[in-house]
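One structure is given here, and the rest of the page talks about it.
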Amino acid sequence: MWRRLGRTGEQTLNDALDNPDGHALYRAQEARADAEDQQRRAAQREAERPVCKRCGRKFTDERWEEITVHRTAVRAGDKSVCGPCRADNVAREEAAAAPPEPRDDPEPDRVRGWFRRRT
């Protein structure tokens, strides 16, 4: 009778040398290694994710792709700010470019100008 590490009970020599669950053990180890690899890659990706220079938040996946993909990088605007900060920039630029709204005269009876006749 033989005692094998990691097994309960005693086994015969043939049973101890034979590894009937070797494939299942290999698949479990491979699955564990794949999961660890995915976690490592996700952590590495998060470490590489850019941070907004204005508010300090990390970029979303959409914004990150927008500034890195060549086709959309041209239209991405300032590449150092996140999506909400970029939306604020665009809103400010549009507000600055829009013509000012005419103000209503608070006193319509009041005559303006130097050379107008007063009534």
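The values are calculated or read from the model by the stated rules, or taken from the named source; none is laboratory data. Everything numeric in this text was worked out from a predicted model, so none of it was measured. Using ideal geometry, Cβ is built from the backbone for each residue, glycine included, and neighbour counts are taken over all protein chains shown. For the accessible areas, the whole protein counts, side chains as well, though only heavy atoms, and no ligand, DNA or RNA atoms are used. Shrake-Rupley method; radii C 1.70, N 1.55, O 1.52, S 1.80 Å.
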> Since Asp88 meets every condition but one in (1) over 16 Å from the mean Cα position of the chain (by Cα); (2) at pLDDT 85 or above; (3) in a loop (DSSP other than H, G, I, E, B), which condition does it not meet?
Replying inline: (3)
>> Could you tell me how many of the residues in the stretch 50-85 are part of a loop (DSSP other than H, G, I, E, B), out of contact with any helix residue (DSSP H, G or I) (no Cβ under 8 Å at 6 or more places or on another chain), at pLDDT 85 or above and open to solvent by less than 80 Å² (accessible area, probe 1.4 Å)?
In response: 1
> Taking Leu5 and the conditions (1) modelled with pLDDT under 75; (2) open to solvent by less than 50 Å² (accessible area, probe 1.4 Å); (3) among the hydrophobic types (A, V, I, L, M, F, W, C), which numbered condition does it fall short on, given that it satisfies the others?
Replying inline: (2)
>> Return the residues of the stretch 91-113 that are open to solvent by 70 Å² or more (accessible area, probe 1.4 Å) and modelled with pLDDT of 65 or more; say none if nothing qualifies.
In response: Arg92, Glu93, Glu94, Ala95, Ala96, Ala97, Pro99, Pro100, Glu101, Pro102, Arg103
